[in-house]
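For reference, the structure discussed in these notes is given below.
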Amino acid sequence: MGIKGKTKKYFGVNLGIYWMLGAVVSFVGMAIAARELSAELDAVQILFWRSFAGALLMPALLYFYGWKQVKSSRYVMQFSRGALHCVAQCGWLFGITMIPLAEVFALEFTTPIWTVVFAALFLGERLSLERIAAVVIGFVGVLLILRPGTQIVDVASVVVLGSAALYAITYVMVRSLA
């Protein structure tokens, strides 16, 4: 299988579905763990230990999959993407410690909205009428979550919203790097 255009199957199901389920379980587990750890550690400390664990695993994965995975001709862009992603993670972890998880995830789901906007601005992608409508509807949804005017908008909500925008920028940067 593995040929372009065909997807591998496992137990008759596309392998991508299992990867997506694993990602969702991982994100939820990470959010719950961060929430529990926030009683003892702040967001930067949690991010440090998460990154440290990843740094321990990365050489083993690179050994298995090959060091050619880290080659690039655009190291400044790679470093910038990593730095922005780190800041976005700090904001996300801060939000997890300050506001309900449901609100964090709802605000995090604005990342596709930001991605559409930034891809149009920085990559010159076309905005169809459907995409513009989706962005407007998504923005209305964000306003419903934040409820401006009826109460003071929580600073943590704004930080999570900013993190979603930073995640979108990193996705656009990855697209540019590819």
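The values are calculated or read from the model by the stated rules, or taken from the named source; none is laboratory data. Because the structure is predicted, anything quoted here is derived from the model rather than measured. Neighbour counts run over all protein chains shown; Cβ positions are idealised from the backbone, glycine included. SASA here: full protein model, heavy atoms, side chains in, ligands and nucleic acids out. Shrake-Rupley method; radii C 1.70, N 1.55, O 1.52, S 1.80 Å.
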Report every pair of residues separated by at least 6 positions or lying on different chains whose Cβ atoms are under 6 Å apart, first residue within segment 46-66 and among the hydrophobic types (A, V, I, L, M, F, W, C), second in a helix (DSSP H, G or I) and open to solvent by less than 90 Å² (accessible area, probe 1.4 Å). ILE46/ALA34; ILE46/LEU37; ILE46/LEU93; LEU47/GLN89; LEU47/CYS90; LEU47/LEU93
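Test GLY149 against the criterion of being modelled with pLDDT of 85 or more, surrounded by fewer than 11 Cβ atoms within 10 Å (Cβ to Cβ), of a type in the set (Gly, Ala, Ser) and on the phi > 0 side of the Ramachandran plot, and give yes or no.
no
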Within segment 45-103, of all residues that are open to solvent by 100 Å² or more (accessible area, probe 1.4 Å) and outside any helix (DSSP H, G or I), the one modelled with the highest pLDDT is SER73
Any hit, segment 117-133, residues being hydrophobic (A, V, I, L, M, F, W, C), within 24 Å of ARG50 (Cα to Cα) and in contact with a Ser or Thr (Cβ under 9 Å, 6 or more places away or on another chain): no
Just name the residue that is nearest to LEU93 (Cα to Cα) out of those in segment 9-23 that are open to solvent by less than 80 Å² (accessible area, probe 1.4 Å) and out of contact with any strand residue (DSSP E or B) (no Cβ under 9 Å at 6 or more places or on another chain). ALA23
Would you be able to say whether some residue in segment 139-150 is under 12 Å from PRO112 (Cα atoms), under 21 Å from the mean Cα position of the chain (by Cα) and not in a loop (DSSP other than H, G, I, E, B)? yes
